[in-house]
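Worksheet: the structure to be examined is printed underneath.
The values are calculated or read from the model by the stated rules, or taken from the named source; none is laboratory data. It should be emphasised that the depicted structure is a prediction, and the values quoted were computed from it without experimental measurement. Neighbour counts run over all protein chains shown; Cβ positions are idealised from the backbone, glycine included.
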Amino acid sequence: MIRVGVIALWLIAWPAAAAVDVDLAPYAQAERSGASAKLSGRIYAERRKPAGPDTPLTGATVVAVPRSEALLQRLQHLREEARTSAASYRGAALLIQKAREAYEKELWQAGAPDLVRATTVDSEGRFDLGPLPEGRWLVVGTWDQFHDVKGPRTSGQGQDRGKYVKDPRLVGFRARMLWVREIALTRAEPAELELTDRNVWFNGVVEDRVDAGPRH
């Protein structure tokens, strides 16, 4: 349960935080009055055979933040931009992550850190964000699967030996599934989300690169 002092801080701080396009006062007031609802759900890969089991996407992360129109437009733009070129596609998943993190930072700077709720999916594919103040929320789910990349070996010869490789070497990538859901929570009405590999909002990649350093 949030402390009264933090609630008061929300009410004082939110008008001064011009970067946040959300009126945070109603969330603080709902928290103070006990107007909250539980938000939980599952993230899993759907069964491929009728008699087979669903596969929990254990370790997936789930973040809930007050609904921001600016953030939604930014995420939508990045998803659409990813279709324009291979380079845009490769960078989209990480840019989406950074956009979400930037909004979370704005909430912290506005004095509302408790309005950033995060959890991870358990071994059964379930998550529980607990009771959230009633209002409009944005839920972002993320699940990564790492893939190793076996790159070609290089051998420096002559004057090229010992020179640094300019571009970081690709060592692997994470295939990333992203879910973005808007949800309106109302007092005493629990909400549950079903996020699966068949209703993904965006499929992307996050490349893992290392500085190749000098060749030997």
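Listed by first and then second residue, the pairs with beta-carbon distance under 7 Å, at least 6 apart or on different chains, first residue in segment 130-148 and farther than 25 Å from ARG176 by Cα, second modelled with pLDDT under 95 and surrounded by 22 or more Cβ atoms within 10 Å (Cβ to Cβ), are PRO133/GLU31. Of all the criteria given as (1) surrounded by 15 or more Cβ atoms within 10 Å (Cβ to Cβ); (2) touching a residue at least 60 places away in the same chain (Cβ under 8 Å), the one not satisfied by ALA99 is (2). For beta carbons closer than 7 Å, sequence separation of 6+ or different chains, a first residue in segment 59-85 that is farther than 25 Å from THR120 by Cα and a second that is outside any loop (DSSP other than H, G, I, E, B), the qualifying pairs are GLU81/SER88; GLU81/ALA92; ALA82/SER88; ALA82/TYR89; ALA82/ALA92; ALA82/GLY204. Reported count of residues in segment 46-67, each being part of a strand (DSSP E or B) and more than 13 Å from the chain's Cα centre (by Cα), is 3. Only residues that are within 17 Å of ILE96 (Cβ to Cβ) and either among the basic types (Lys, Arg) or surrounded by 20 or more Cβ atoms within 10 Å (Cβ to Cβ) (or both) were counted across segment 44-67, and they come to 5.
Screening ILE2, ILE43, ILE12 for residues that are at pLDDT below 95 and under 24 Å from the mean Cα position of the chain (by Cα) leaves exactly one candidate, ILE2.
Scanning segment 173-202 for residues that are touching a helix residue (DSSP H, G or I) at 6+ places or on another chain (Cβ under 9 Å), closer than 18 Å to ALA93 by Cα and not hydrophobic (A, V, I, L, M, F, W, C) returns ARG174, ARG176. Scanning segment 105-118 for residues that are in contact with a strand residue (DSSP E or B) (Cβ under 7 Å, 6 or more places away or on another chain) and not in a strand (DSSP E or B) returns LEU107, LEU115, VAL116.
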